[in-house]
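Comments concern the structure below.
The numbers here are math on the coordinates, done by the rules we state, and not lab data. Here the structure is a predicted model, which is why all the values come from computation and not from measurement. Backbone-built Cβ (ideal geometry, glycine too); neighbour counts: all protein chains shown.
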Amino acid sequence: MSHRRDFIKTAALGTLGLSTVYSCKQAANEPSGTPVPVSSLTGKVPLVISTWNFGLAANEVAWEVLMSGGSGLDAVEAGVRVPEGDPKERSVGYGGLPDREGNVTLDACIMDKNSDCGAVSFIQGIKHPISVARKVLEDTPHVMLSGKGALDFALSKGFVKENLLTPESEKDWKAWLEKSKYNPVINIENHDTISMLILDSSGDLWGACTTSGMAWKMHGRVGDSPIIGAGLFLDNEVGAAAATGLGEAIIRTAGAAMVVELMRHGRSPLEACKEVVDRIHKKHVGHPDMEYLQTGFIAVNKQGDYAGYSLRSGFNYAVCDNTEKGNRLEDAPFKMAWSS
Ligand code: ASP
């Protein structure tokens with residue numbers, strides 16, 4: 001991550017009607033001295049927000065796409081491809097931890113300002129499931145393709161089948177096999193997802209979500225992440241929301257759709273995320289999942305207000321907007337500590 005103060009000045013800025021905008025590479029704590037930029041963008045847009053700390057690198061790429069005139073769909077796709085392609089990220093794409101049988105199975109979805117969406121679930125051997133999801137959106141009459149059908153479709157579109165199980169993930173899987181204890185402990189090591197939401201400079205919303213899902217899951221298990229309305233949802237009249245955490249709990253409560261619906265009824269992004277997390281908590285008191293339940297949401301409304309909120313401590317998200325704060329990580333407020 002670069003921490004230099006840097007302004008993007010490209011030909012595209014003219015296209016966007018900008019004189020100067022902040023680069024997403026800025027860090028809030030850098031020495032100042034650079035004049036406040038003049039921007040013809042009003043308010044807080046564009047705004048890019050993504051889950052977890054790998055969102056910082058993803059935001060940078062998404063921001064660059066936006067600044068060079070790319071669409072919000074181009075930007076969310078390019079952004080989440082960063083952790084998908086990074087073998088060091090063990091919860092998304094290439095290098096993701098496998099299921100209990102050693103298969104890396106991936107889920108992803110993408111949604112545009114017109115409510116068109118595409119998704120793939122339980123796809124294997126394709127490094128960038130988000131790009132296949134985009135092809136589903138653009139080139140098919142369907143919303144989701146799954147398993148072998150999704151793989152066949154990807155191959156027909158020129159995607160290349162690869163082994164996604166890195167030596168590191170294979171080693172961890174073999175270590176897990178020694179006990180083979182099905183204990184889907186959720187923490188930032190083995191159970192997270194990148195979701196990205198964008199409010200572009202025209203005030204339109206876009207979203208993407210991609211994951212390798214829960215480590216050591218049953219073969220065939222699909223979580224919330226590729227499910228429009230659970231892992232990701234937006235309504236361009238209202239706002240957008242995305243989830244991370246235990247997919248089963250998020251599906252049970254139609255998490256992301258509920259956050260958007262609450263914003264429609266006047267809740268702020270923070271109030272909406274909190275209300276859904278409270279609901280998830282209430283429904284899981286006494287449930288076997290409660291011991292390891294974590295769930296977090298990010299949300300943005302049409303006014304450019306954004307928030308994140310989680311059930312348990314430890315959730316953070318990356319935000320990049322057109323302010324001098326630049327690309328930064330924010331800790332989400334949470335309901336309870338892990339010991340509760
Ligand atoms: N929501 C994802 C799933 O359940 C994983 C995560 O975000 O931790 O598959």
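Tabulated data for the structure shown
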{"read-out": "Net charge of neighbours whose Cβ lies under 15 Å from the Cβ of LEU151, counting Lys and Arg as +1 and Asp and Glu as -1", "value": "+2"}
{"read-out": "Entries in LYS274/LYS325; LYS44/LYS127; LYS135/LYS274; LYS127/LYS217; LYS179/LYS274 that, when Cα-Cα distance is taken, lie over 31 Å", "value": "LYS44/LYS127; LYS135/LYS274; LYS179/LYS274"}
{"read-out": "Kirkwood hydrodynamic radius of segment 237-315, Cα pairs, Å", "value": "12.2"}
{"read-out": "³J(HN,Hα) computed for each position of segment 236-243 - Karplus, 6.51 cos²θ - 1.76 cosθ + 1.60, integer Hz, glycine/proline x", "value": "5, 8, 10, x, 9, 8, 8, 10"}
{"read-out": "Quotient of C-alpha Rg and 2.2 N^0.38 Å, computed over segment 32-170", "value": "1.18"}
{"read-out": "Coil-residue GluC sites (Glu not before Pro) of segment 258-340, DSSP, other Cβ within 10 Å capped at 16", "value": "GLU324"}
